[in-house]
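S.K.: Please see the structure below; I have some questions.
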(Lines give C-alpha, C1' and ligand atoms only; values in the text may rest on other atoms or scores of the structure.)
Protein backbone atom coordinates (compact mmCIF):
# COMPACT_ATOMS: atom_id res chain seq x y z
CA UNK A 1 0.00 0.00 0.00
CA UNK A 2 1.32 3.40 -0.95
CA UNK A 3 -0.17 5.64 1.74
CA UNK A 4 1.67 8.68 0.38
CA UNK A 5 -0.53 8.54 -2.73
CA UNK A 6 -3.86 8.10 -0.93
CA UNK A 7 -6.87 9.93 -2.30
CA UNK A 8 -9.71 10.87 0.02
CA UNK A 9 -13.14 11.12 -1.59
CA UNK A 10 -15.74 13.13 0.33
CA UNK A 11 -18.79 10.92 0.99
CA UNK A 12 -21.78 10.79 3.30
CA UNK A 13 -22.64 7.62 5.21
CA UNK A 14 -25.89 7.45 7.18
CA UNK A 15 -26.09 11.24 7.15
CA UNK A 16 -22.56 11.75 8.48
CA UNK A 17 -19.83 13.54 6.52
CA UNK A 18 -16.65 11.60 5.89
CA UNK A 19 -14.22 10.30 3.30
CA UNK A 20 -13.61 7.07 1.42
CA UNK A 21 -9.91 6.21 1.45
CA UNK A 22 -8.52 5.15 -1.95
CA UNK A 23 -4.99 3.74 -1.87
CA UNK A 24 -2.75 2.26 -4.58
CA UNK A 25 -1.88 -1.38 -3.81
CA UNK A 26 1.23 -2.59 -5.65
CA UNK A 27 0.82 -6.14 -6.88
CA UNK A 28 3.57 -6.86 -9.43
CA UNK A 29 6.36 -5.45 -11.60
CA UNK A 30 5.91 -4.85 -15.32
CA UNK A 31 8.48 -5.78 -18.00
CA UNK A 32 10.36 -2.52 -17.27
CA UNK A 33 10.57 -3.44 -13.56
CA UNK A 34 8.15 -0.66 -12.60
CA UNK A 35 5.72 -1.41 -9.77
CA UNK A 36 2.13 -1.77 -10.99
CA UNK A 37 -0.86 -1.20 -8.76
CA UNK A 38 -4.58 -1.53 -8.45
CA UNK A 39 -6.56 1.17 -6.68
CA UNK A 40 -8.23 -0.09 -3.48
CA UNK A 41 -11.25 1.54 -1.86
CA UNK A 42 -10.29 0.77 1.74
CA UNK A 43 -13.48 2.07 3.32
CA UNK A 44 -15.09 5.09 4.93
CA UNK A 45 -13.84 7.32 7.75
CA UNK A 46 -15.70 10.11 9.58
CA UNK A 47 -14.55 13.62 8.70
CA UNK A 48 -13.20 14.22 12.22
CA UNK A 49 -10.74 11.34 11.79
CA UNK A 50 -9.83 11.66 8.11
CA UNK A 51 -6.24 12.60 8.99
CA UNK A 52 -5.85 9.68 11.43
CA UNK A 53 -2.81 7.55 10.46
CA UNK A 54 -2.95 4.27 12.37
CA UNK A 55 -2.32 1.96 9.40
CA UNK A 56 0.98 3.27 8.06
CA UNK A 57 3.12 1.00 10.23
CA UNK A 58 2.22 -2.24 8.43
CA UNK A 59 4.91 -3.62 6.08
CA UNK A 60 2.57 -6.01 4.30
CA UNK A 61 -1.14 -5.98 3.59
CA UNK A 62 -3.71 -8.54 2.62
CA UNK A 63 -6.76 -7.15 0.86
CA UNK A 64 -9.98 -9.05 0.27
CA UNK A 65 -12.54 -7.38 -1.90
CA UNK A 66 -14.71 -7.10 -4.96
CA UNK A 67 -13.74 -5.65 -8.32
CA UNK A 68 -15.88 -2.71 -9.35
CA UNK A 69 -15.76 0.18 -11.79
CA UNK A 70 -16.15 3.02 -9.27
CA UNK A 71 -19.13 5.34 -8.90
CA UNK A 72 -21.72 5.82 -11.63
CA UNK A 73 -21.46 9.03 -13.60
CA UNK A 74 -24.74 10.90 -13.85
CA UNK A 75 -25.70 14.43 -14.82
CA UNK A 76 -26.06 15.14 -11.08
CA UNK A 77 -22.56 13.92 -10.14
CA UNK A 78 -20.40 16.65 -8.70
CA UNK A 79 -17.13 16.77 -10.68
CA UNK A 80 -13.82 16.02 -9.00
CA UNK A 81 -11.28 18.83 -8.68
CA UNK A 82 -7.86 17.13 -8.68
CA UNK A 83 -6.04 20.47 -8.91
CA UNK A 84 -7.49 21.46 -5.52
CA UNK A 85 -7.25 17.87 -4.17
CA UNK A 86 -11.06 17.69 -3.80
CA UNK A 87 -12.78 14.50 -4.82
CA UNK A 88 -16.51 13.78 -4.67
CA UNK A 89 -16.75 10.59 -6.73
CA UNK A 90 -14.66 7.46 -7.13
CA UNK A 91 -13.50 7.20 -10.77
CA UNK A 92 -10.63 4.73 -11.29
CA UNK A 93 -9.58 6.37 -14.57
CA UNK A 94 -8.93 9.71 -12.84
CA UNK A 95 -7.24 8.16 -9.82
CA UNK A 96 -4.87 6.04 -11.90
CA UNK A 97 -3.78 9.16 -13.79
CA UNK A 98 -3.40 11.22 -10.60
CA UNK A 99 -1.16 8.54 -9.06
CA UNK A 100 0.87 8.19 -12.28
CA UNK A 101 0.59 4.42 -12.31
CA UNK A 102 2.65 2.74 -15.06
CA UNK A 103 -0.22 0.32 -15.70
CA UNK A 104 -2.66 3.20 -16.16
CA UNK A 105 -4.74 1.44 -18.84
CA UNK A 106 -5.27 -1.58 -16.59
CA UNK A 107 -5.71 0.38 -13.37
CA UNK A 108 -8.22 2.78 -14.91
CA UNK A 109 -10.63 0.00 -15.87
CA UNK A 110 -11.56 -1.23 -12.41
CA UNK A 111 -10.59 -1.06 -8.77
CA UNK A 112 -10.98 -3.17 -5.64
CA UNK A 113 -13.56 -2.44 -2.93
CA UNK A 114 -12.25 -3.92 0.32
CA UNK A 115 -14.68 -6.05 2.33
CA UNK A 116 -14.39 -7.75 5.73
CA UNK A 117 -15.04 -11.47 5.56
CA UNK A 118 -14.26 -12.12 9.22
CA UNK A 119 -16.62 -10.44 11.69
CA UNK A 120 -14.19 -11.06 14.58
CA UNK A 121 -11.25 -9.15 13.12
CA UNK A 122 -12.91 -6.07 11.67
CA UNK A 123 -10.91 -2.92 11.10
CA UNK A 124 -11.89 0.11 13.14
CA UNK A 125 -11.07 2.82 10.62
CA UNK A 126 -11.53 3.02 7.79
CA UNK A 127 -14.86 1.25 8.15
CA UNK A 128 -14.95 -1.60 5.66
CA UNK A 129 -18.31 -3.10 4.66
CA UNK A 130 -19.06 -6.75 5.42
CA UNK A 131 -20.67 -9.24 3.08
CA UNK A 132 -23.95 -8.66 4.94
CA UNK A 133 -23.69 -4.89 4.41
CA UNK A 134 -23.24 -5.40 0.68
CA UNK A 135 -26.14 -7.83 0.37
CA UNK A 136 -28.66 -5.78 2.39
CA UNK A 137 -31.28 -3.98 0.36
CA UNK A 138 -31.33 -0.21 0.69
CA UNK A 139 -34.98 -0.29 1.70
CA UNK A 140 -36.16 -3.11 4.00
CA UNK A 141 -39.00 -5.42 2.97
CA UNK A 142 -41.29 -3.99 5.68
CA UNK A 143 -40.96 -0.49 4.22
CA UNK A 144 -41.78 -1.79 0.73
CA UNK A 145 -44.90 -3.44 2.16
CA UNK A 146 -45.90 -0.20 3.89
CA UNK A 147 -45.51 1.72 0.60
CA UNK A 148 -47.60 -0.88 -1.21
CA UNK A 149 -50.35 -0.63 1.41
CA UNK A 150 -50.32 3.16 1.28
CA UNK A 151 -50.57 3.36 -2.54
CA UNK A 152 -53.26 0.67 -2.68
CA UNK A 153 -55.26 2.53 -0.04
CA UNK A 154 -54.90 5.84 -1.86
CA UNK A 155 -56.01 4.15 -5.08
CA UNK A 156 -59.13 2.74 -3.44
CA UNK A 157 -59.90 6.09 -1.78
CA UNK A 158 -59.60 7.76 -5.19
CA UNK A 159 -62.05 5.28 -6.76
CA UNK A 160 -64.54 5.78 -3.92
CA UNK A 161 -64.20 9.58 -4.10
CA UNK A 162 -64.73 9.60 -7.89
CA UNK A 163 -67.75 7.31 -7.58
CA UNK A 164 -69.26 9.50 -4.85
CA UNK A 165 -68.68 12.62 -6.91
CA UNK A 166 -70.37 11.14 -10.00
CA UNK A 167 -73.29 9.90 -7.98
CA UNK A 168 -73.70 13.33 -6.37
CA UNK A 169 -73.70 15.17 -9.70
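S.K.: State yes or no: is residue 96 assigned to a helix (DSSP H, G or I) and more than 24 Å from the chain's Cα centre (by Cα)?
M.R.: Numbers: assigned to a helix (DSSP H, G or I): yes; more than 24 Å from the chain's Cα centre (by Cα): no.
When the stated conditions are applied, residue 96 does not pass them.
S.K.: Here's another thing I want to ask about it. Can you give me the number of residues within the stretch 3-54 that are farther than 23 Å from residue 130 by Cα and touching a residue at least 60 places away in the same chain (Cβ under 8 Å)?
M.R.: Residues that pass the stated criteria total 7.
Quick grid of which residues meet (1) modelled with pLDDT of 80 or more; (2) under 23 Å from residue 49 (Cβ atoms); (3) loosely packed, with under 13 Cβ neighbours inside 10 Å:
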{"position": "93", "(1), (2), (3)": "yes, no, no"}
{"position": "105", "(1), (2), (3)": "yes, no, yes"}
{"position": "115", "(1), (2), (3)": "yes, yes, no"}
{"position": "119", "(1), (2), (3)": "no, yes, yes"}
{"position": "133", "(1), (2), (3)": "no, yes, yes"}
{"position": "141", "(1), (2), (3)": "yes, no, yes"}
{"position": "148", "(1), (2), (3)": "yes, no, yes"}
{"position": "160", "(1), (2), (3)": "yes, no, yes"}
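S.K.: Also: So which of 45, 39, 1 ends up being surrounded by 16 or more Cβ atoms within 10 Å (Cβ to Cβ) and not in a strand (DSSP E or B)? Show your work before the answer.
M.R.: Numbers: 45 fails: not in a strand (DSSP E or B); 39 fails: not in a strand (DSSP E or B).
Answer to the selection: 1.
S.K.: Determine whether residue 67 is assigned to a strand (DSSP E or B), in the same structural domain as residue 7 (by TED's automatic domain parsing), in contact (Cβ under 8 Å) with a residue 40 or more places away in the chain and under 18 Å from residue 36 (Cα atoms). Spell out how you get there, then give the answer.
M.R.: Numbers: assigned to a strand (DSSP E or B): yes; in the same structural domain as residue 7 (by TED's automatic domain parsing): yes; in contact (Cβ under 8 Å) with a residue 40 or more places away in the chain: yes; under 18 Å from residue 36 (Cα atoms): yes.
It is true that residue 67 is assigned to a strand (DSSP E or B), in the same structural domain as residue 7 (by TED's automatic domain parsing), in contact (Cβ under 8 Å) with a residue 40 or more places away in the chain and under 18 Å from residue 36 (Cα atoms).
The values are calculated or read from the model by the stated rules, or taken from the named source; none is laboratory data. Everything quoted here is computed from the prediction, not taken from an experiment. Cβ: placed from backbone, ideal geometry, glycine included. Neighbour counts: every protein chain shown.
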